[in-house]
Amino acid sequence: MRRKLKNVRPIRIGLRLQISLIMIFSIALISFILSVAIFKKSEQTVIKEITHFSGAILKGIKRETKLYLYYDREVRNFKKSGESRPYLNDCKTNRDEAIQKVMQFFPDIISRDTMLDVAFLINIIETDNTSESKRNRFLYFDRNHARVDDAKNSYDEELIQLLDFFLETIETGVNFKQITTQNKKIDQDDSVVVGLPVFSGDFTEELYNKYKDFYKSLTRSLPANRETSSLQEQHSYFEQEFIKRLVYNYTDFDYKINAANDKDYNRLFVYFSAVRYTGRLTNNQREIAQKEFTEQLKSLKSDLSFQNYSETCDQFRKKYNLRLKPNIHNWTGLYRFLERNSISVSSPVPIQELALQAYKSDLNGIIGIRLLSKEFFVNLNRNRNEVTNLALAIFLRFIIIALLFPGFIIRKINKLADGAYEIGRGNFDYKFKMRGSDEVGRLSDIFNIMGKNLKKAREEMIEKNRMSTELKTAHEIQSVLLPSVLPDINKLQFSSYYASQSEAGGDYYDVIPLAPEKLALVIADVSGHGVGSGLVMTITRTLIHSFSSETVKPSTLMEKLNEHLYLNTASNFFVSMFYAVYDTKSHSLNFSSAGHNPALIVRKNSVKELPAGGVALGAVGRESFERFSSGKNTILEKNDLLVLYTDGIVEAMNNNNEEYGEERFYNVLKKNHDKDAETVKDAVIKDLKSFTSGHEQSDDITMLLMRIT
Amino acid sequence: MKFNIKAFTISSVIVCTLPAFILFTWCAINNFAIEAVVLFETIHPSGAFSLTNTISSSFTAKIPGIIFNTLYVAVDTFIFTFLFALLYNLLSGNNKKAR
């Protein structure tokens with residue numbers, strides 16, 4: 001029993017049960033089908049054996065039976081035939097000899113094979129050619145008294161009824177019927193009856209035997225590519241033969257005339273005008289009659305039959321006052337004419353029905369034989385028992401195997417489920433130890449890899465969270481170092497923008513009041529970005545606040561900063577900076593640049609770059625730095641806008657890897673030269689964002705604006 | 001003591017099937033212990049594959065019978081020993097370790 005797990009559904013109809021049931025049902029079905037197939041095959045074998053055996057006996061009797069029937073008919077028709085009395089005596093003698101031979105034949109069979117219990121019955125349909133009438137006569141061979149008797153004296157009414165039934169199905173060959181006796185009081189054993197048709201003519205018998213083979217080929221559904229054409233030819237042959245027999249036996253049936261062309265229709269008119277009827281027709285009359293006659297036949301198209309043709313002939317006979325020729329049988333003559341002129345005749349009636357009718361017209365009777373089925377079926381029953389026992393023995397073993405077998409698979413799956421649950425609980429060190437190279441073994445390897453990767457991912461996630469927390473803290477510290485509020489000085493407007501690329505940025509800007517009329521403006525960019533740059537920025541900011549005063553020149557401040565940064569920071573960190581001291585009274589601006597972007601003065605729709613240059617702070621030693629360092633001075637005017645910025649603005653990239661550039665930047669400044677500092681800043685940032693259109697920011701962006709009003 | 005079900009079953013199948021196979025083969029060659037084989041076949045129906053009921057006396061004709069009867073022994077031994085070990089472990093306590 002599996003233990004219950006929280007939030008995991010319990011197993012109700014498990015895989016074990018499902019697989020077991022599928023296996024059991026499958027084997028039960030297969031056993032059943034195989035058993036039934038074997039039973040049926042055994043039955044067919046027995047039936048074939050009985051049929052073959054009975055057929056051999058019946059064929060032996062048949063010759064004598066035919067002789068008996070022939071002479072018996074001659075005797076009975078003696079008065080009609082007008083033959084002489086010696087002939088009658090000969091017939092009687094021959095008839096008695098035939099029955100004697102039949103009588104001798106039976107004891108031979110019975111003594112040869114004691115298991116045979118024979119009853120013999122002949123069902124005769126007598127055909128009188130002259131009167132075209134038929135009558136049924138049932139004869140019964142009484143082997144106890146060695147004579148042929150009328151069937152009404154027979155004790156076996158059931159046999160007679162069966163033979164009557166066989167008459168209706170003679171086209172299928174030798175007939176077989178198993179009889180289970182309903183009346184158990186008689187204590188009669190079950191039996192089988194086999195019937196064999198007897199024909200008066202040898203030709204019919206030959207045709208019948210051929211047709212039996214053809215019928216078997218039809219019902220056996222042989223491969224189409226090999227046998228179809230042959231079968232079609234045979235079908236056509238048998239159809240023609242059956243029609244021929246029916247026509248010559250004066251059997252009225254539905255026969256179709258397949259007239260193919262005008263020549264055939266003209267021939268049909270010839271038969272009407274010259275063969276079938278007599279009378280004088282003028283040439284003109286004949287021409288008109290022929291045209292009308294053929295057109296009427298053509299209008300019937302595929303419905304042209306013997307019947308239609310006769311009706312048409314009758315109609316024209318009356319119209320042209322013709323007479324029917326004597327001694328010409330209506331349809332037989334027509335058939336002969338069509339045969340001679342190669343006009344084919346067919347019938348819409350199925351071939352089986354045609355065959356039955358054709359045989360019946362030439363059928364003398366059915367010989368039936370009744371056998372005890374016990375002797376034949378005892379082996380069959382024994383075989384049945386053996387097959388049943390074998391099927392049951394195998395089936396029972398399979399049930400047990402079907403119940404046990406899924407356990408091997410399910411146990412492995414359960415182990416996998418337990419392991420997966422353990423991993424789900426966070427135990428990533430869990431190892432699946434499945435052996436074998438099957439699907440479950442492969443799955444266990446995949447689970448092991450999954451556990452290992454999950455563990456690694458979890459460790460990375462923890463590290464990332466730690467780093468994120470630290471960076472967040474650095475960002476908070478750094479944001480305090482930047483001026484939260486810019487000074488509010490009369491006739492000066494300030495505005496600033498700062499966006500770091502990561503949590504800790506390397507840019508710095510500040511406005512530091514030095515004296516009542518002096519203030520320092522500073523913007524700096526530490527090389528790189530991130531935590532390291534942020535730390536250097538913090539140092540720089542501290543140094544600036546320490547060294548800056550109204551008496552210290554910007555160039556001197558730069559030299560001091562460079563010395564400290566050069567000595568106290570790593571060689572890969574350096575700082576570009578612009579530092580200026582603005583006198584609010586005289587509007588003079590003393591400034592110095594250390595490798596920073598030039599500061600801009602926007603004045604009346606023009607942008608003026610202040611001299612830049614110098615070397616970045618911390619990059620070189622004092623002596624080298626002093627060679628490049630210099631202080632400069634300029635006078636600002638009313639409405640001038642001083643713009644300090646870092647390279648993050650002009651080097652911002654868009655999705656097409658194009659830089660924002662100084663030209664775009666300057667254009668925005670020019671366009672907004674008369675606006676207040678805050679508006680100019682917003683315009684620049686809006687244009688910049690529009691340009692980058694969501695492209696990832698690659699550097700810190702800082703801007704400080706001061707407008708003199 | 002606990003049974004290792006798989007090992008017990010496989011070893012039992014080998015131990016029983018091999019002698020049975022030899023016995024059936026020997027019987028097919030010279031009717032050795034034919035009564036025992038007849039007795040075996042009365043409770044293990046083999047239909048046309050019967051070893052003792054084969055019309056032909058050639059050894060080749062009896063090979064299917066040998067195989068069929070040996071399979072019977074293998075399957076029956078597998079079933080009985082597996083069930084026996086399973087039941088034994090179940091009745092003797094926790095069977096997880098034994099598996």
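General observations
- Lone qualifier among A:Lys560, A:Lys518, A:Lys553 - being over 24 Å from A:Leu600 (Cβ atoms) and more than 60 Å from the chain's Cα centre (by Cα): A:Lys560
- Selection from segment A:248-271 of residues that are in contact with a strand residue (DSSP E or B) (Cβ under 8 Å, 6 or more places away or on another chain) and of a type in the set (Val, Ile, Thr): A:Ile257
- Filtered residues of segment A:480-502 (kept if surrounded by fewer than 21 Cβ atoms within 10 Å (Cβ to Cβ), under 60 Å from the mean Cα position of the chain (by Cα) and assigned to a loop (DSSP other than H, G, I, E, B)): A:Gln501, A:Ser502
- Only one of B:Asn53, B:Asn69 that is modelled with pLDDT under 90 and either of a type outside the set (A, V, I, L, M) or farther than 20 Å from A:Glu386 by Cα (or both): B:Asn53
- Members of segment A:574-596 found to be crowded, with 23+ Cβ neighbours inside 10 Å and in a loop (DSSP other than H, G, I, E, B), listed by number: A:Phe574
- For segment A:411-422, filtered to residues that are within 12 Å of chain B (Cβ to nearest Cβ) and either touching a residue at least 60 places away in the same chain (Cβ under 8 Å) or of a type outside the set (Lys, Arg) (or both), the residue that is nearest to B:Phe78 (Cα to Cα) is A:Asn414.
- The set of residues from segment A:597-640 being in a strand (DSSP E or B) and in contact (Cβ under 8 Å) with a residue 40 or more places away in the chain comprises A:Leu600, A:Ile601, A:Val602, A:Val607, A:Leu617, A:Lys632, A:Asn633, A:Thr634, A:Ile635.
- Among the residues of segment A:336-352, those identified as in a helix (DSSP H, G or I) and surrounded by 14 or more Cβ atoms within 10 Å (Cβ to Cβ) are A:Arg336, A:Phe337, A:Leu338, A:Glu339, A:Ile351, A:Gln352.
- Scanning segment B:23-51 for residues being more than 14 Å from chain A (Cβ to nearest Cβ) and either surrounded by fewer than 19 Cβ atoms within 10 Å (Cβ to Cβ) or closer than 20 Å to A:Ser35 by Cα (or both) gives a total of 12.
- Qualifying residue in segment A:575-598 (condition: over 60 Å from the mean Cα position of the chain (by Cα) and closer than 30 Å to A:Thr469 by Cβ): yes
Here's the yes/no breakdown for (1) part of a helix (DSSP H, G or I); (2) aliphatic (A, V, I, L, M); (3) surrounded by 16 or more Cβ atoms within 10 Å (Cβ to Cβ); (4) within 58 Å of the chain's Cα centre (by Cα):
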{"position": "A:Asn667", "(1), (2), (3), (4)": "yes, no, no, no"}
{"position": "A:Ile685", "(1), (2), (3), (4)": "yes, yes, yes, no"}
{"position": "A:Lys689", "(1), (2), (3), (4)": "yes, no, no, yes"}
{"position": "A:His695", "(1), (2), (3), (4)": "no, no, no, yes"}
{"position": "A:Thr702", "(1), (2), (3), (4)": "no, no, yes, no"}
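- Matching residues in segment A:389-438 - criterion: being touching a Pro at 6+ places or on another chain (Cβ under 7 Å) and among the small types (Gly, Ala, Ser): A:Ala393
- For segment A:415-456, the set of residues classified as at pLDDT below 85 and among the polar types (S, T, N, Q) consists of A:Ser437 only.
- Selection count where residues are surrounded by fewer than 22 Cβ atoms within 10 Å (Cβ to Cβ), in contact with a His (Cβ under 9 Å, 6 or more places away or on another chain) and not hydrophobic (A, V, I, L, M, F, W, C), scope segment A:639-655: 5
- Count - residues of segment A:280-311 that are touching a Leu at 6+ places or on another chain (Cβ under 7 Å) and either exposed (fewer than 11 other Cβ atoms within 10 Å of the Cβ) or free of Cβ contacts under 8 Å to residues at least 24 places away in the same chain (or both): 1
The values are calculated or read from the model by the stated rules, or taken from the named source; none is laboratory data. Since the model is a prediction, treat every value here as computed from it, not as a measurement. Please note: Cβ atoms are built from the backbone with ideal geometry, for glycine as well, and neighbour counts cover all protein chains shown.
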